[in-house]
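Notes follow the structure.
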There are 2 protein chains.
Amino acid sequence: MSETPKRSKNQLKSHIRAQNQALILSTAERVFARQGLAKTTTQMIANEAGLPKANIHYYYRSKKDLLEAVLESILQLWLDSVSQFNVETGPRHNLTRYISEKLDQSRLNPNASKVFAMALIGEEPFVLEFLRRYFVDELQKEKQTIDTWVAQGLMKPVAVEHLFITIWAMTQTYADFDAQVKILLQKDELDESDFDEAKQFVTRMVLLSCGVEEA
Amino acid sequence: MSETPKRSKNQLKSHIRAQNQALILSTAERVFARQGLAKTTTQMIANEAGLPKANIHYYYRSKKDLLEAVLESILQLWLDSVSQFNVETGPRHNLTRYISEKLDQSRLNPNASKVFAMALIGEEPFVLEFLRRYFVDELQKEKQTIDTWVAQGLMKPVAVEHLFITIWAMTQTYADFDAQVKILLQKDELDESDFDEAKQFVTRMVLLSCGVEEA
DNA sequence: GAGAAAACTGACCGATCGATCAATATCTAC
DNA sequence: GTAGATATTGATCGATCGGTCAGTTTTCTC
């Protein structure tokens with residue numbers, strides 16, 4: 001976040017600030033995901049973080065500021081994950097890895113996915129702006145990579161936008177709508193084996209549609 | 001709703017009640033979808049329906065009652081749509097029809113999909129109970145139908161639960177997250193041709209994964 | 001350890017919203 | 001037409017919530 005000037009011990013310029021901001025941010029992400037954006041009160045976040053409400057407002061002026069801070073940390077994480085497509089290792093490896101990684105994210109951090117989903121459905125300007133600013137260009141890079149693979153005969157031509165839209169839909173549905181998935185699979189909780197089945201299923205679907213043979 | 005006793009003209013027992021409830025219900029669905037559940041105030045619904053707020057509460061005791069009424073009408077519509085699988089016309093026709101129908105629903109009534117999505121993410125007990133009560137059994141019927149097709153050699157065996165989870169995810173993403181889709185497709189509005197491309201893409205994916213040749 | 005900066009917090013405020021209610025009006029059955 | 005049922009609505013209440021602020025405590029700097 002900030003440069004680290006010469007300093008005794010291991011304290012940043014304002015270690016208290018950094019520490020409390022991090023605590024509030026992670027707590028807020030959890031509560032936002034559980035309660036929804038509008039239903040979440042600053043009091044809930046304060047209680048769960050073990051701080052007085054006024055202290056929350058000391059670090060984040062408004063509830064909207066706090067929400068945007070949470071969203072930014074989520075979106076940055078996701079952007080990093082998309083940008084790891086590597087043209088040299090070919091479509092099978094990259095698509096398999098990406099789907100696996102997205103489903104791991106859904107399993108390990110469903111809250112983040114839900115916060116993003118709710119903000120997107122609600123068309124929060126902050127999220128739309130972030131997508132416009134960063135994801136559109138990123139998708140162009142993946143499009144070029146896939147074009148290269150097609151030219152090399154490694155896969156069939158596909159509608160890249162729809163490919164990513166459907167991959168995101170399929171992988172995130174296991175986080176966003178996990179309540180529905182649990183009901184349909186008749187399970188109280190989804191375990192790693194459920195996500196492994198989902199990985200297999202989604203990966204097979206995607207590879208087939210790209211004309212890539214499975215391993 | 002109620003039985004129709006012998007009556008002059010074409011009026012039900014309480015035509016005023018039925019009329020106003022219908023007006024409030026359709027207005028509420030629209031506003032809930034636009035504003036989100038918690039952000040929607042009864043005043044907004046009242047304004048948009050052209051009624052005083054107290055009149056809304058005369059027909060629906062609480063905001064929660066109204067939300068549940070809206071959700072029930074949405075879920076009933078969807079349940080009807082799932083239950084049209086017909087074993088006699090084979091997998092290709094049925095899967096193609098179902099995906100087309102789901103994407104038509106996403107295009108023509110994105111609001112309904114969004115209301116459901118938000119309620120599901122928020123794990124509204126009413127929605128979960130409805131899914132448990134009706135959709136689980138319905139899915140069993142589709143499972144049997146598909147088993148029959150597999151036995152007839154019309155398609156490969158698939159994980160039916162994951163098949164429907166992913167079909168729902170892919171088709172509803174074009175309604176729920178249309179804002180994201182618009183940004184990635186660089187369009188101000190999604191038109192029928194965008195949905196036709198989505199239909200083609202999703203249908204091809206699903207049919208390939210089921211081992212069904214395309215038409 | 002003194003002075004300044006940063007952090008903390010209880011108490012409070014204004015606005016909003018769901019819900020109620022008493023009144024009045026309208027409709028229906030006979 | 002009249003009595004009872006049904007429908008309508010302005011006014012208002014109580015609760016909740018985001019946000020503020022003044023006063024205090026803690027931490028940092030020299």
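Residues in the range B:145-185 average 28 Å² of solvent-accessible surface per residue, probe 1.4 Å, ligands and nucleic acids excluded. Of the cross-linked pairs A:LYS63/B:LYS182; A:LYS199/B:LYS143; A:LYS187/B:LYS53; A:LYS199/B:LYS182, those separated by over 31 Å at the C-alpha level are A:LYS187/B:LYS53.
The B-A contact accounts for approximately 4600 Å² of buried accessible area, totalled over both chains at a 1.4 Å probe radius. Pair-distance distribution P(r) for the range A:76-146, from all Cα-Cα distances in 5 Å bins starting at 0: 3, 14, 21, 23, 20, 12, 5, 1 percent.
State to the nearest 20 debye the size of the charge dipole of the range B:121-215 about its Cα centre, where the only charges are +1 on K and R beta carbons and -1 on D and E beta carbons. If you can, show how the numbers build up before the last one.
Values: 9 positive and 19 negative charges, 96 e Å.
Computed charge dipole of the range B:121-215: roughly 460 debye.
Solvent-accessible surface (1.4 Å probe) assigned to B:HIS15 amounts to roughly 70 Å².
Counting only aspartates and glutamates at least 8 places from B:LYS64 when in the same chain, those with an alpha carbon closer than 18 Å to its own are B:GLU29, B:GLU72, B:GLU123, B:GLU124, B:GLU129. Each Lys and Arg adds +1 at its Cβ and each Asp and Glu adds -1 at its Cβ; summed about the Cα centre, the protein assembly as shown shows a dipole of about 1680 debye.
Using every Cα-Cα pair within chain B, state what percent have a distance larger than 22 Å.
Working: 13577 of 23005 pairs.
Distances greater than 22 Å cover 59 percent of the Cα pairs.
Here the scattering of the protein assembly as shown is modelled by Debye summation over its C-alpha atoms, one equal scatterer each and no solvent; at q = 0.08, 0.09, 0.12, 0.14 Å⁻¹ the log10 of I(q)/I(0) is -0.52, -0.65, -1.09, -1.38. Residue by residue, the range B:201-213 carries 3J(HN,Hα) couplings of 4, 5, 4, 4, 4, 5, 5, 4, 5, 8, x, 9, 5 Hz when phi is fed to the Karplus relation 6.51 cos²θ - 1.76 cosθ + 1.60 (θ = phi - 60°); x denotes Gly or Pro.
Can you order the peptides B:16-25, A:163-172 by their average number of other Cβ atoms within 10 Å per residue, highest first? All intermediate terms of the calculation are to be shown ahead of the outcome.
On the way: B:16-25: 15.1, A:163-172: 22.3.
The peptides rank, most packed first, as A:163-172, B:16-25.
Summing charges over neighbours of A:ALA179, with a neighbour being any other residue whose Cβ is under 14 Å away from its Cβ, gives -3 when K and R count +1 and D and E count -1. For the rotational copies A and B, the chain A residue with its Cβ nearest the relating axis, together with that separation in Å, is A:ALA38, 2.
The values are calculated or read from the model by the stated rules, or taken from the named source; none is laboratory data. Because the structure is predicted, anything quoted here is derived from the model rather than measured. Please note: Cβ atoms are built from the backbone with ideal geometry, for glycine as well, and neighbour counts cover all protein chains shown. Protein only, heavy atoms only, side chains kept; ligands, DNA and RNA dropped before computing areas. Shrake-Rupley method; radii C 1.70, N 1.55, O 1.52, S 1.80 Å.
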